[in-house]
Amino acid sequence: MFLAWKEIKQNKLRFALVTAVLLLVSYLVFFLSGLASGLAGLNREAVDKWQADGIYLTDEADKSLTQSMMEADLADKVEADETAVLAQTNVIADNGDVKSGVSLFGIRPDEFIMPEPTEGDKFSEALEVVASDSLKEEGFSIGDELDLSGSDVTLTITGFTDEARFNAAPVLYMNLDDFKKVRPGAAAQSAGREEQPEMVNVIIVRGGQPDNVPKDLEYMESETFIENLPGYTEQNLTLTFMIYFLFAISAAVVAIFLYVLTVQKISMFGVMKAQGISSAYLSRSVIAQTFILAVIGVLIGFGLTVLTGQFLPAAVPVSFDYGMMAIYGAVLIVVAILGALVSVWTIVKIDPLEAISG
Amino acid sequence: MTEHVLQMEDVTKTFGSGRTEVRALKKTSLNVSRGEVIAIIGPSGSGKSTLLTIAGGLQGPTGGEVQIAGERITELSEKDRSKVRLEHVGFILQSSNLVPFLTVSDQLKLLDKVKKGNMSKEEREGLLEELGITKLTNKYPNDLSGGERQRVAIAKALYSNPSLLLADEPTASLDSDRAFEVMKLLKSAAVKKHAATIVVTHDTRLTDYVDKVYKMVDGVLHLEADKGGAEPLENGRTDFLEKGGNDDGV
Ligand SMILES: Nc1ncnc2c1ncn2[C@@H]1O[C@H](COP(=O)(O)OP(=O)(O)OP(=O)(O)O)[C@@H](O)[C@H]1O
Ligand SMILES: [Mg+2]
């Protein structure tokens, strides 16, 4: 540490450059990880909120919620501690000032996915909805009357709830009884026949044994369901891939930088080795240096990321998962030290004789 | 018990083989005792540095045997030889002996860190005083003159109280006044620290300060001058009868 620190202090510019590179890389890594968890939240928030264990879809739907369509009565046939039926459709909601693409959820108020409003009241009257609080920022408020695309129905917001976004759209929760009036094309259908069985997209369950899956249904765990949301896995993989790539880049940059610095010092190291200072001591010094620089770089990168997060408009889907960031930060430090191993190898190979006779 | 810190017996060194073979050292024997300062002069390429690096355990000889402070280093692994160097050998080079980013006192502190330094505070201050560098302790090598740098290098080499001090052209980068001064300091410090000292040099004028002068020609070492009595040591030793392995005390 002695040698490492003295050298850093004496060659500030040089080491500041290495630190700056690590800082920028870690800033980018942290930001991408924030973006990844932000975007993931955008997709899965509502599903996570349910705290459900699994979901039943029709097997012909191939894991797609919108393609799954079943009779609500099937909920009685699945084995579970608790069940909740869900009908879903995407519509555009218009309060007169702003329009927003929303995900409309038809649910039964007595089942467990019924949201607890963080503001306002639960829906009770016909055609009332509890909306995702992200709509507030878009300019919606309690009491707004919403015209829906593809139907003549008007919904009224009675309350807001948090963590209610599904597949990147804010959710409107409403009573399943009213839902059929809203579903596009539903009007025409109901005109044909009076008594129609109640239709839902999926059945959400807590507990129970999914061994006996009713005919024509397919069971999947919540996590599998989320991974199969359109675009979710692709998006996640892309960002994760970028982060891993950044790890490789920082390893390479540190390796090259330190290698150049080490090569410049070969004769000095040679003299020191001739004097009997061991390769191990010199190598530890290089590792210590890398560690110091990486820690400084990552910490500043972390600080900058958090700071940037404060000033970002709400529309940017960034949410910082500090546990994940700590892991990424640690990986960055480890990866930098791996890069320093090239220099260690160089030091070990230095022949003190050459320094002496040079 | 032997009084010779360095014993080299029938040491040979050959580089390469066949048509490119270079016999850098031909059957050389050399013994140096504590407190003794010898100089090796000779033309370029005659094998002086080769001899010195073998004496310091930086490379092994092709044949013969080398002992430093009683250890047969020819039989040791590189790791153990490095330990012998750490404990017993001090090197002074033509230049670049110093770590550029450490102050003079930090150069010595580094040696403490790697357990090479074994001087008390008084000893250290005495050494710095002796070499006239007490006022330079907070300076970096770049801010020192060539002569000052070499004096620091001597302090560094002697800091571990080495039994064997090896200097390869320590004055080559200095003008002759500085060279004399450094040589004088080297000699007196080495004698005070009781180290066996070998100085390789081109400059025959510098040999005034040493006990013995050897000349290396084409890999063969001759005793050129023995001025053993030039500067008597405290314990009254005034003469040495090397060159035959007379190892007994005088
Ligand atoms: N590693 C090596 N490989 C091959 N030949 C070598 C090697 N080291 C030294 N030699 C040869 O051994 C001979 C003696 O070299 P050495 O460096 O000991 O000379 P020197 O007396 O120190 O010369 P100078 O005064 O120029 O420093 C030279 O001919 C040199 O070319
Ligand atoms: Mg030489």
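Quick note: the coordinates plus some simple rules give every number you see, no bench work behind them. In this text, all values refer to a predicted model and were calculated from it rather than measured experimentally. We place every Cβ from the backbone using ideal geometry, glycine too, and count neighbours over all the protein chains shown.
Some points to look at:
- Histogrammed with a bin width of 5 Å, the alpha carbon distances of segment B:1-40 distribute as 7, 19, 19, 19, 13, 11, 7, 5, 1 percent, first bin at zero.
- 0 to 90° range, to nearest 10: angle between helix A:232-264 axis and chain A longest Cα axis: 10
- Cross-link pairs B:K13/B:K215; B:K121/B:K193; B:K79/B:K139 - those with Cα-Cα distance over 26 Å: B:K79/B:K139
- Computed from the Kirkwood radius of its Cα pairs, the Stokes-Einstein diffusion coefficient for segment B:89-214 at 10 °C and 1.306 mPa s stands at 111 µm²/s.
- Candidates B:L110, B:L158, B:L206: whichever shows maximal mean-square fluctuation once chain B is modelled as a Gaussian network with Cα springs under 10 Å: B:L110
- Peptide B:154-164 has a mean of 1 when you count, residue by residue, the C-beta atoms of other protein chains within 10 Å of its C-beta.
- Helix axis angle, B:121-131 relative to chain B longest principal axis, alpha carbon, degrees: 80
- Surrounding net charge for A:L127, when Lys and Arg each add one and Asp and Glu each subtract one, Cβ distance under 9 Å: -2
- Scattering curve values for segment A:54-207, log₁₀ I(q)/I(0), Debye with Cα scatterers, q = 0.10, 0.13, 0.15 Å⁻¹: -0.34, -0.58, -0.77
- Euclidean distance of C-alpha centroids, segment A:46-110 and segment A:299-342, integer Å: 36
- Exceeding the 26 Å Cα-Cα cut-off - candidates B:K109/B:K192; A:K6/B:K184; B:K156/B:K192; A:K122/A:K215: A:K6/B:K184; A:K122/A:K215
- Cα long-axis angle, helix A:322-349 against chain A (0 to 90 degrees, to the nearest 10): 30
- Among residues other than A:V205 with Cβ under 9 Å from its Cβ, the summed charge is -3 (Lys and Arg +1, Asp and Glu -1).
- Looking at the protein assembly as shown, the DSSP beta bridges with both ends there are about 65 percent antiparallel.
- Charge dipole of the protein assembly as shown about the Cα centre (unit charges at C-beta), most positive-ward option of A:M324, B:V89, A:G54: B:V89
- D_trans [Stokes-Einstein, Kirkwood Rh over alpha-carbon pairs] for chain B, 20 °C, 1.002 mPa s, µm² s⁻¹: 117
- Alpha-carbon centroid distance for the pair segment B:104-153 / segment A:120-139, whole angstrom: 78
- Structure-based [θ]222 nm, chain B - -39500 (n - 2.57) summed over DSSP H runs of at least 4, per residue, nearest 500: -8500 deg cm²/dmol
- Cross-link partners of B:K48 among aspartates and glutamates, defined as those whose alpha carbon lies under 13 angstrom from its own and excluding same-chain residues fewer than eight positions apart: B:D168, B:E169, B:D218.
- For the protein assembly as shown, the spherically averaged projection of the C-alpha convex hull amounts to 41.6 nm².
- In this entry, chain A is assigned a mean projected area of 23.6 nm², taken as a quarter of its C-alpha convex hull surface.
- Counting only other chain Cβ atoms within 10 Å of each residue's Cβ, the peptide A:264-276 averages 6.
- Residue mean of other protein chain beta carbons inside 10 Å, B:100-107: 3
- For chain B, built as a Gaussian network whose Cα springs stay under 10 Å, the top-fluctuating residue of B:V32, B:V66, B:V114: B:V114
- Distance from segment B:1-28 to segment A:167-181 (C-alpha centre basis), Å: 94
- Largest GNM mean-square fluctuation across B:G57, B:G147, B:G70, computed for chain B with C-alpha springs under 10 Å, falls on B:G70.
- With a cut-off of 12 Å between beta carbons, the residues surrounding B:K26 carry a summed charge of +1, where Lys and Arg count +1 and Asp and Glu -1.
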